[in-house]
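The values are calculated or read from the model by the stated rules, or taken from the named source; none is laboratory data. This is a predicted model, so every value here is computed, not measured. Note that we place each Cβ from the backbone using ideal geometry, even for glycine, and neighbour counts take in every protein chain shown. These area figures cover heavy atoms from the full protein model, side chains too; ligands, DNA and RNA do not enter into them. Shrake-Rupley method; radii C 1.70, N 1.55, O 1.52, S 1.80 Å.
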Amino acid sequence: MEDSLMHRKKRVLIAGALLMSATVISWLAFYVRANALQPEREIHITAKKFEFTPDTITLKKGEPVVLVLSSQDRKHGFNVRAFGIRADVDPGETARIRFTPNKTGKFTFSCDVFCGEGHEDMTGTIVVTE
């Protein structure tokens, strides 16, 4: 009789341990899915006297992006003051800028390397939505 009671207690303990393990594994799987890194979205931007193509980029707040910058004619700059982003864009080379927008709104980007008359108009807009 005592053996039977011991076996039942062992079975209850094993069942409890299995239930606890399943709960922990489920919670870990949920945590990993919830905190998985989002894939980066690549956006190609071409600079040439006196324009960026595209000149309007729409992003989502919290979405990781890589801006892939190239120049068709000469050295340009790429500056987004609102996000502290800045890069030189040399012809024949590619500049890559990784960032994740952390605020919504419309933000201007511009060439900050003088590239001739019309340089002041070499701008574009990043629109960040919720």
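Filtering region 57-91 to residues that are under 13 Å from Thr46 (Cβ atoms) and open to solvent by 50 Å² or more (accessible area, probe 1.4 Å) leaves Gln72, Asp73, Arg74, Pro91. The condition of being more than 13 Å from Phe52 (Cα to Cα) and open to solvent by less than 10 Å² (accessible area, probe 1.4 Å) holds for Pro101. In the set (1) on the phi < 0 side of the Ramachandran plot; (2) within 18 Å of the chain's Cα centre (by Cα), the condition left unmet by Gly62 is number (1).
Could you say whether any residue in region 50-62 is among the polar types (S, T, N, Q) and without any contact (Cβ under 8 Å) to a residue 60 or more places away in the chain? Yes, region 50-62 has at least one match.
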